[in-house]
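This report refers to the structure that appears directly beneath it.
A short reminder: the numbers here are calculations on the coordinates, not readings from a lab. Predicted model, so just to flag it, every value in this text is computed and none were measured. Positions of Cβ are backbone-derived with ideal geometry, glycine not excepted, and every protein chain shown enters the neighbour counts.
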């Protein structure tokens, strides 16, 4: 038997070295600021989006581009086969609900899926370019068969971003989540809790706790690094043992990372804005 229902979601964080996090609750403390320490800029450049369409599940149609379901009255959506315990893309009839509107288990407009009672835009591989303004491709889709088997749908959803504060541990408390950097462009969103603490190894399956970010490089380990407020005399600031506050292009405005062994020159501020960007 096949079904269009039982779609589950799992939060996705796509910052540098960061990824999926469907973990248990946890917390971390943040230090208060010092005596106006110097601030630094680390650059990094504009993030390149992944090739979303190529990362969608293979099938008769494509979740992100909707290729394969050319008719205006049909949309590409996940189809669950309970007997085979598989989920794959298939064309189905569109519904009347538009993006962001309330829906039932029926279909939404072309390219959207009804999840938790709201029509959300389909995307793949964390490709934020597929999303409307104010949203990013940060929620992974999972499907569940009638037998309770969970399946990776190989598709994501565009979800609202920048509606929380990474320095406010209570800003996502109503959802029992943590405000975290959610993608490589510096967007933030309410994400699942994590037990990981400062300095703990982290990866695409295990995110950091409140006030931290999973940081590393493609060739080295990724670990939880504390976030700092990147403005003159901002708090929280970095402890001496954590290094200095460095803003990278992957960070939200006004947010930096406590970075050890930094050798760049301090940023000079003019009217609250950086007058020079210089890192090393």
Model label zone, residue 85; criterion: amide N under 13 Å from point 7 Å along Cα-to-beta-carbon; scope segment 120-161:
144-152
Between residue 165 and residue 58, what length in nm is gained on full extension when 0.36 nm per residue of separation is reduced by their alpha carbon distance?
34.8 nm
Say each of residue 240 and residue 71 gets a label point 7 Å from the Cα, pointing the same way as Cα to Cβ; how far apart are those two points in nm?
7.2 nm
Starting with the highest mean, order 118-125, 70-77 by the number of other Cβ atoms within 10 Å, averaged over the residues of each peptide.
118-125, 70-77
How large are Rg and Dmax for segment 123-240 when only the alpha carbon atoms are used, in Å?
15.7, 56
Run the Debye formula on the Cα coordinates of segment 63-161, all scatterers equal and no solvent, and tell me log10 I(q)/I(0) at q = 0.16, 0.20, 0.24, 0.25 1/Å.
-0.64, -1.00, -1.34, -1.40
Mean Cβ-within-10 Å packing, highest first, puts peptides 179-190, 155-166 in the order 179-190, 155-166
How do 44-50, 89-95 rank on mean C-beta neighbours within 10 Å, highest first?
89-95, 44-50
Inter-label distance for residue 36 and residue 173, nm, one decimal - labels placed 7 Å from Cα along Cα-to-Cβ:
3.3 nm
